[in-house]
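The values are calculated or read from the model by the stated rules, or taken from the named source; none is laboratory data. Just so it is clear, the structure is predicted and the values come from calculations on it, not from any experiment. With ideal geometry, Cβ positions are generated from the backbone for all residues, glycine too; neighbour counts draw on all protein chains shown.
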Amino acid sequence: MISCAFENGNKTSLRHVVVHAIVEMDGKILLEKRSDKLLEGNKWSLPSGFLDRDEKAEEGILRELEEETGWKGEVISLFRINTNPDRPHEDRQNISIEFIIKPVKLIGQPDKESSDIQWIAVEELPTPEDFAFDHGETIALYLKYRKSPFPLPLFV
């Protein structure tokens, strides 16, 4: 939670905003294994991170994708906005904005937040317990959408 004070002096706690990238190419999903120094370390996740102040969500997810995986991407669609206050394994309350991203080009190396980057075939994805937070839920929902498209974006 973010603690702050309003103009009238009242104090409050606000939620963090995070962005997630669903990146697919040739039937494979781009996943990163989180560094053991991070919350939910050594678990698989979608490329993701906190939105910076004064940054649009689309800019933030493309920045995070590049920083964490080395891939440059293009936003295809907003997939889901997840405002569930009971997201699993969180030590803070986050709102996630999830995008479907087209991979464009590998242009760099992953940063230290990722211990491994892999394109994993849909049929070989890790089990839900192997994913950080609720990223496995997001991937399952995306695969359902991929099989039988429904209107986007989703709001939870």
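Observations on the model:
- No other residue among ILE97, ILE29, ILE101, ILE61 is part of a helix (DSSP H, G or I), β-branched (Val, Ile, Thr) and either modelled with pLDDT under 95 or crowded, with 20+ Cβ neighbours inside 10 Å (or both) apart from ILE61.
- Residues in region 104-138 that are assigned to a loop (DSSP other than H, G, I, E, B) and among the small types (Gly, Ala, Ser): GLY108, ALA132.
- Condition met for GLU113 (without any contact (Cβ under 8 Å) to a residue 60 or more places away in the chain and over 15 Å from LEU62 (Cα atoms)): no
- Residues of region 104-155 satisfying the condition of being aliphatic (A, V, I, L, M), within 20 Å of ILE76 (Cα to Cα) and in contact with a Ser or Thr (Cβ under 8 Å, 6 or more places away or on another chain): LEU152
- For LEU141: the one exception among (1) buried (at least 16 other Cβ atoms within 10 Å of the Cβ); (2) assigned to a loop (DSSP other than H, G, I, E, B): (2)
- When region 37-58 is filtered for residues that are part of a loop (DSSP other than H, G, I, E, B), within 11 Å of the chain's Cα centre (by Cα) and not aliphatic (A, V, I, L, M), only PRO47 remains.
- Set side by side, the residues TRP119, TRP44 differ, and just one is of a type in the set (Phe, Trp, Tyr), in contact with a Phe, Trp or Tyr (Cβ under 6 Å, 6 or more places away or on another chain) and either under 19 Å from ILE139 (Cβ atoms) or free of Cβ contacts under 8 Å to residues at least 24 places away in the same chain (or both), which is TRP44.
- Just one of the listed residues (ILE76, ILE120, ILE81, ILE107) is within 15 Å of LEU62 (Cβ to Cβ), surrounded by 12 or more Cβ atoms within 10 Å (Cβ to Cβ) and not hydroxyl-bearing (Ser, Thr, Tyr), and it is ILE76.
- Of the residues making up region 144-156, just one is exposed (fewer than 15 other Cβ atoms within 10 Å of the Cβ), at pLDDT 95 or above and within 26 Å of ARG63 (Cβ to Cβ), namely ARG146.
- LEU51 being at pLDDT 95 or above and either under 17 Å from ILE22 (Cβ atoms) or of a type in the set (Val, Ile, Thr) (or both): no
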